[in-house]
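Shown next, in structure tokens, is the structure this report addresses.
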Amino acid sequence: MKLAIYGKGGIGKSTTSCNISIALARRGKRVLQIGCDPKHDSTFTLTGFLIPTIIDTLQIKDYHYEDVRPEDVIYKGYGGVDRVEAGGPPAGAGCGGYVVGETVKLSKELNAFYEYDIILFDVLGDAVRGGSASPLNYADYCIIIADNGFDALLATNRIAASVREKARTRTHPLRLAGLVGNRTSERDLIDKYVEVRPMPILEILPLIEDIRVSRIKGKTLFEMVESQPYLNYVCDFYLNTADQILSKPEGIIPKEISDRELFSLLSDFYLNPVGNEEQENKENLLDSVVLIQ
């Protein structure tokens, strides 16, 4: 199974990806996480340091694939999760899609692409076009990371559009498995968006500082729980997400709405609280009438 994780820049994709990878490994799966960001920090929380990238290694080997060994590019992380960092061209130069393609090509050359139960692509940013959309060419499922903010849901909407387009043009199935809400105490905007453009909500992670701090410490929540047992309940959120993924959900081909409609939808939700309350009262009244009948 191949997963592509997307979401607004800075929303916590890498932190979430690493914890989901550990959760999948805890369920007995062999997991390879591929970081698809030129910053090559996707897998940082799995070991606490930055590993050499595929591009770095290929440059050293003068792009002679036959000279590259698995241990040159695949590194063990916490919990038995293997990890690869694709790396990327310098800022403003080259194409990220080319780098992802080279990473998959090399993984196949090393027979690594077929030795895992789960391959998870952690993809940069939220503008899913060109190079950053290339992991969708390989993925069975896309998972979107968001919070209860407007910008995150704007990114969610654009990612949904990319998944729909890729699902239309690909020769094998691609589905949106669902959305994971990261570090949010509220979900009213998420619910409002999902009401208009239905998609599964896999999990809503609590707004706790330890999730953010784990990134700084270079540790997953699963590793932190060894010294902070109270974090066990947070790990359960990731394990629940892993269980849903392993159930091979049907998923959906999502439908986006226009940016203008989305602005109107989410702005109106806060600018017109009275109207929203009146609508909710009407719906509650209607439900009461139905029950009486």
With a 1.4 Å probe and all protein chains left in place, how much accessible area per residue does the chain have, in Å²? 47
5 angstrom amide H check on Gln33, placed H, neighbours 5+ away: Asp82, Arg83, Val84, Leu120
Got a sec to turn the phi values of region 27-40 into Karplus ³J(HN,Hα) couplings, 6.51 cos²θ - 1.76 cosθ + 1.60 with θ = phi - 60°, whole Hz, x for Gly and Pro? 8, x, 9, 7, 10, 10, 9, 10, x, 10, 10, x, 5, 6
5 angstrom amide H check on Lys2, placed H, neighbours 5+ away: Ile119, Asp140, Tyr141
In the chain, once you exclude exposed GluC sites (Glu not before Pro) (DSSP loop, at most 11 other Cβ within 10 angstrom), what's the longest stretch remaining? 1-225
Using 0.36 nm times the number of residues separating Arg27 and Leu50, minus their current alpha carbon distance, what extension gain do you get? 5.7 nm
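In debye, nearest 20, what is the charge dipole magnitude of the chain about its Cα centre with +1 on Lys and Arg Cβ and -1 on Asp and Glu Cβ, if you could check?
Values: 33 positive and 41 negative charges, 136 e Å.
Taking the Cα centre of the chain as origin, the dipole is about 660 debye.
Rounded to a whole number, what % of the accessible area of the chain do carbon and sulfur atoms account for, probe 1.4 Å?
51
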Summing -39500 (n - 2.57) over every DSSP H run of at least 4 residues in the chain and dividing by its residue count gives a helix-only mean residue ellipticity at 222 nm, to the nearest 500 deg cm²/dmol, of -14000 deg cm²/dmol
Which residue fluctuates the most in the chain, going by a Gaussian network model with Cα springs under 10 Å, if the choices are Ala23, Ala112, Ala139? Ala112
State which helices in the chain qualify, where a helix is a whole DSSP H run, it must extend 27 Å or more along its own axis by its Cα atoms, and its mean Kyte-Doolittle hydropathy must be at least -1.0. 150-169, 273-292
Antiparallel versus total DSSP beta bridges in the chain: what percent is that, nearest 5? 10
Two-site label geometry, Asp151 and Lys105: point separation in nm, points 7 Å out along Cα→Cβ: 3.5
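Relative contact order for the chain: what is it in percent, counting Cα pairs under 8 Å that are at least 6 residues apart? Let's see the in-between values first.
Working: 525 pairs, mean separation 66.5, N = 293.
This gives 23 percent for the chain.
Filter the chymotrypsin sites (Phe, Trp or Tyr not before Pro) in region 1-54 to those in DSSP coil with at most 15 other Cβ atoms within 10 Å of their Cβ, and list the result. All intermediate terms of the calculation are to be shown ahead of the outcome.
Details: sites: Tyr6, Phe44, Phe49; in loops: Phe49.
Qualifying residues, ordered by number: Phe49.
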For a quick check of understanding: with a 1.4 angstrom probe and all protein chains in place, what accessible area in square angstrom does Leu202 have, to the nearest ten? 20
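Ranked from the most accessible area to the least, with a 1.4 Å probe and all protein chains present, what is the order of Phe237, Phe263?
Phe263, Phe237
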Just for the Cα atoms in region 222-269, what are the lengths along the principal axes, largest first, rounded to whole Å? 47, 28, 14
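The values are calculated or read from the model by the stated rules, or taken from the named source; none is laboratory data. Every value quoted in this text rests on a predicted model; they were computed, and no experiment measured them. Using ideal geometry, Cβ is built from the backbone for each residue, glycine included, and neighbour counts are taken over all protein chains shown. Side chains are part of the model used for accessible areas, which takes the heavy atoms of the whole protein and leaves out ligands, DNA and RNA. Shrake-Rupley method; radii C 1.70, N 1.55, O 1.52, S 1.80 Å.
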